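Down below is the structure, laid out as structure tokens.
Read-outs: derived from the displayed coordinates by stated rules, not from any lab. Being a predicted model, the structure only gives us computed values, none of them experimental. Methodologically, a virtual Cβ is constructed for each residue, glycine included, from the backbone with ideal geometry; neighbour enumeration extends over all protein chains shown.
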Amino acid sequence: MTHIILKRHCFSIFFCAIAALSIISCARTESQYFESMNTFMKVQCYGKHSAEAVSAAQKRITELETLLSVTKPESDIYRLNNAPSYPVSVSEETAHLISFSLDIAEKTGGAFNPCLYPVTSLWGFTQKNFRVPSAQEIASALPLTDFRRVKVSGTSLSAEKGMMLDMGAVGKGFAGDEAIKIMRKQGIRSALLDLGGNIQTIGGKPDGSPWSIGIKNPFGAEPLGTVSARDEAVITSGGYERYFTGDDGRRYIHIFDGRTGFPVANEVVSATAVAGSGVLCDALSTSLFVMGAEKAAGFWRENPGFEFIIVIADKKLFLSGGLEARFTLNPDCADIEISIVRRNG
Ligand code: ADP
Ligand code: MG
């Protein structure tokens, strides 16, 4: 009897071992690091077909960079910005992204503006030849930033002479969504994309638990805290990322206020948007930064479909209600004061 039980036992141990081995061999991990869209990217993928999926993701992101770059002469955006006349025909993706950007510009009352390039290029952010332009230069460029004058009809685009578009605030988020689409088609159910600090996810971790996404600490090296996420993007715009210090000693950041033609100089140090869509989060992180904490809270109350975290200079953090149970403050950042923003309060 004991003998039979032991035998059965061995048998089941044998099958458990086989099952475990096949799970391990299925749970393949593949990571790819590369540079695109002027930043470092990492695509990490789990499961069967991971190797093909990360390569396809990189290929798609590189293709989109070629379409959307503001500096590459072969890109749709460059051709638009340097067109001798309109309309100009662009790819479907570019037309779609421009339409989306114009819609967000309308919804955010111009806090988001994809037509600021005539102004931002004066400040030298693209070529890193930073300078503070004269008031005269800014005043002449501002009328060229009216996004309502851009018209999209199918894949045909019209604007006015001198206008210039810039997908810098949405390109990475859009590329992340496109990469995710391809990875899903290949059967990927778990992946983590870090596209220059823009985090996008497929599913949860391979063990089924949600991803834990670190939020950068503008005041120190350790993350400020973490947000749990599944099938979502967590995208931050930070004033600490790209800036220069003028001869006047002031810090000028790469996010602009389209009303003044100056870099944003409000109390916000970082704005994070969390939602299913990467391109929406990318657009909104920039928009919320420009709006400032109070207007951003009002915008969130009126527009469902995303959550936010805004950190302001005096170490206060505003957290939208939907993240209350999903955000964990790093215990080392106990000096940060958290306020929960509610829809009805
Ligand atoms: P990052 O690219 O550093 O992740 P963002 O997503 O916030 O940061 O995008 C900032 C970029 O968007 C700028 O470098 C510029 O090209 C462009 N930009 C700056 N201000 C605005 C604005 N108000 N609306 C739309 N695009 C902007
Ligand atoms: Mg953005």
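If you wrap a convex hull around the alpha carbons of segment 238-302, what volume per residue comes out, as a whole number of Å³?
Measuring per residue, one finds 92 Å³ for the Cα hull of segment 238-302.
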### Message
Kirkwood hydrodynamic radius, computed over distinct alpha-carbon pairs, for the chain: how many Å, to one decimal?
### Response
21.8 Å
### Summary
With only helices counted (DSSP H, runs n ≥ 4, each -39500 (n - 2.57)), the per-residue ellipticity at 222 nm for the chain, to the nearest 500, works out to -10500 deg cm²/dmol
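Using 0.36 nm per residue of separation minus the Cα-Cα distance, give me the extension gain between Q127 and A313 in nm, one decimal. All intermediate terms of the calculation are to be shown ahead of the outcome.
Working: separation 186, 0.36 × 186 = 66.96 nm, distance 2.84 nm.
Answer, rounded to one decimal: 64.1 nm.
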### Message
How long are the semi-axes of the equivalent ellipsoid of segment 138-212, defined as square roots of 5 times the Cα gyration tensor eigenvalues? Whole Å, largest first.
### Response
38, 16, 8
### Message
Let me check I've understood the local charge: for I182, count other residues with C-beta under 11 angstrom from its C-beta, Lys and Arg +1, Asp and Glu -1. What total comes out?
### Response
+1
#### Entry: Cα gyration tensor category, rounded, prolate or oblate, for segment 191-340 with a/c compared to 1.5
prolate
### Summary
For segment 78-217, whose charge dipole is built from +1 on Lys and Arg Cβ atoms and -1 on Asp and Glu Cβ atoms, the candidate among P118, N129, A83 with its Cα farthest towards the positive end is N129
### Task
Between beta-carbons, use under 15 Å as the cut-off and find the net charge around N82, counting Lys and Arg +1, Asp and Glu -1.
-1
### Task
First measure r as the distance between the Cβ atoms of N38 and D103, then evaluate 1/(1 + (r/R0)^6) with R0 = 25 Å and state the FRET efficiency to the nearest 0.05.
0.50
### Summary
Zone reached by a paramagnetic label modelled 7 Å from E63 Cα along Cα→Cβ, restricted to segment 167-198 with backbone N below 18 Å, covers 171-188
### Message
I need the shape label for segment 116-155. Rule: rounded when a/c is under 1.5, else prolate if a/b > b/c, else oblate, with a, b, c from the alpha carbon gyration tensor.
### Response
oblate
### Message
What FRET efficiency comes out for S153 versus A334 if R0 is 51 angstrom and r is the Cβ-Cβ distance? Round to the nearest 0.05.
### Response
0.40
### Query
What residues of segment 301-345 lie in the reach of a label at E222, counting those whose backbone N is under 11 Å from a point 7 Å from the Cα along Cα→Cβ?
330-335
## Note on the structure
Note to self: Kirkwood Rh of segment 55-199, Cα pairs, one decimal, Å, is 16.3 Å
### Query
Of P263, P210, P331, which has the largest mean-square fluctuation in a 10 Å C-alpha GNM of the chain?
P331
### Query
Are any of the pairs K59/K128; K48/K172; K128/K295; K42/K128 more than 29 Å apart by Cα-Cα distance, and if so, which?
K128/K295
### Label-point separation, H49 to S85 (7 Å along Cα→Cβ), nm
4.7 nm
### Cα-based convex hull, segment 51-131, per residue volume (Å³, whole number)
141 Å³
### Summary
For D314, the net charge from surrounding residues (Cβ-Cβ under 15 Å; K, R +1; D, E -1) works out to -2
### At most 11 other Cβ within 10 Å, DSSP loop - trypsin sites (Lys or Arg not before Pro), segment 144-204
K161
### Query
Anyone know which of V88, V54, V170 comes out most mobile in the 10 Å Cα GNM of the chain?
V88
### Query
Farthest toward the dipole's positive end in the chain, which of Y243, A313, A169, given Cβ charges of +1 (Lys, Arg) and -1 (Asp, Glu) about the Cα centre?
A169
### Task
Exposed loop GluC sites (Glu not before Pro) only (DSSP loop, at most 14 other Cβ atoms within 10 Å): please give the longest stretch of the chain free of them, not including the sites.
161-266
### Query
Tell me, what is the percent relative contact order of the chain, built from C-alpha pairs under 8 Å that lie six or more residues apart?
14 percent
#### Entry: Kyte-Doolittle mean at least 0.0 and Cα axial length at least 24 Å: DSSP H helices in the chain
2-26, 50-68
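So between K72 and D207, what do we pick up on full extension, going 0.36 nm a residue minus the alpha carbon distance?
Value of the extension gain: 44.4 nm.
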